[in-house]
Amino acid sequence: MLNAPGDDPGQNGSLTDRQKAQAEVLNSTPTVHLSQWFQGEFEAGWQAVDELLSPMAGLGLTQTESVSIQRATPIWLDLQSARQADGILVVTLSQGSDRQIAIQLQVHAIDDTTPLVEQLTLTVIDEAGATFLETAAAAGDRLLQTPRFQGRPGERFRGLVALDQDSVALDFVI
């Protein structure tokens with residue numbers, strides 16, 4: 001079971017009706033295999049962070065334990081739009097003791113001058129479909145991030161970036 005620092009694993013909230021509807025529509029989302037990242041195997045679309053973020057935009061990135069991997073992918077909430085991405089999703093992994101892997105999700109503004117859209121949300125949904133972590137952007141925010149949480153290989157979760165009726169879901173297996 002996924003564990004956030006200081007959280008009682010039994011205290012997860014439930015999905016809102018909107019999130020349930022989004023989850024049903026997005027059940028065919030490809031799965032990102034995080035444990036494979038430690039062997040240098042990355043799914044298509046995941047790049048080194050410095051390929052997508054300028055050094056100034058990357059100030060919120062954290063390097064923690066000695067074995068830490070960060071990869072990034074652009075996020076488009078409206079796939080019909082030809083405009084630039086709405087943000088950059090960054091996933092940070094750190095191998096800990098006892099087969100635990102520390103994970104943090106972040107959404108960065110696309111550049112140094114444009115903030116994230118206010119009320120953009122980043123949600124982590126556990127295997128049971130319950131909201132595990134959720135955070136929302138305020139006016140002027142350039143970074144949205146979850147606290148670091150722990151999981152074991154084989155556990156699954158979904159990262160959901162949403163604004164109003166538009167959303168992008170990414171399924172992960174540790």
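Return the only residue of Ser97, Ser28, Ser35 being under 19 Å from Val173 (Cα atoms), part of a loop (DSSP other than H, G, I, E, B) and modelled with pLDDT of 65 or more.
Numbers: Ser28 fails: modelled with pLDDT of 65 or more; Ser35 fails: part of a loop (DSSP other than H, G, I, E, B).
The unique qualifying residue is Ser97.
Kindly list the number of the only condition in (1) at pLDDT 90 or above; (2) more than 15 Å from the chain's Cα centre (by Cα); (3) on the phi < 0 side of the Ramachandran plot that fails for Gln119.
(3)
Give the residues of segment 122-165 that are of a type in the set (D, E, K, R) and more than 10 Å from the chain's Cα centre (by Cα), sorted by residue number.
Asp126, Glu127, Glu134, Asp141, Arg142, Arg148, Arg152, Glu155, Arg156, Asp164 - these are the residues of segment 122-165 that are of a type in the set (D, E, K, R) and more than 10 Å from the chain's Cα centre (by Cα).
Of all residues being aliphatic (A, V, I, L, M) and not in a loop (DSSP other than H, G, I, E, B) in segment 100-112, which is nearest to the chain's Cα centre (by Cα)? Just the residue, please.
Top of the filtered list is Leu105.
With a cut-off of at least 3 residues that are touching a Leu at 6+ places or on another chain (Cβ under 9 Å) and closer than 13 Å to Leu89 by Cβ, name the strands (runs of 3 or more DSSP E) lying wholly within segment 113-165.
Result: 121-126, 143-145, 156-163.
In the set Gly154, Gly96, which member is free of Cβ contacts under 8 Å to residues at least 60 places away in the same chain and at positive phi?
Just a single option satisfies the conditions, and that option is Gly154.
With the condition kept exactly as written, say whether any residue in segment 137-147 is touching a residue at least 24 places away in the same chain (Cβ under 8 Å), on the phi < 0 side of the Ramachandran plot and out of contact with any strand residue (DSSP E or B) (no Cβ under 8 Å at 6 or more places or on another chain).
Within segment 137-147, one or more residues are touching a residue at least 24 places away in the same chain (Cβ under 8 Å), on the phi < 0 side of the Ramachandran plot and out of contact with any strand residue (DSSP E or B) (no Cβ under 8 Å at 6 or more places or on another chain).
The values are calculated or read from the model by the stated rules, or taken from the named source; none is laboratory data. On a predicted model such as this, the values are computed, not experimentally measured, just so you know. Using ideal geometry, Cβ is built from the backbone for each residue, glycine included, and neighbour counts are taken over all protein chains shown.
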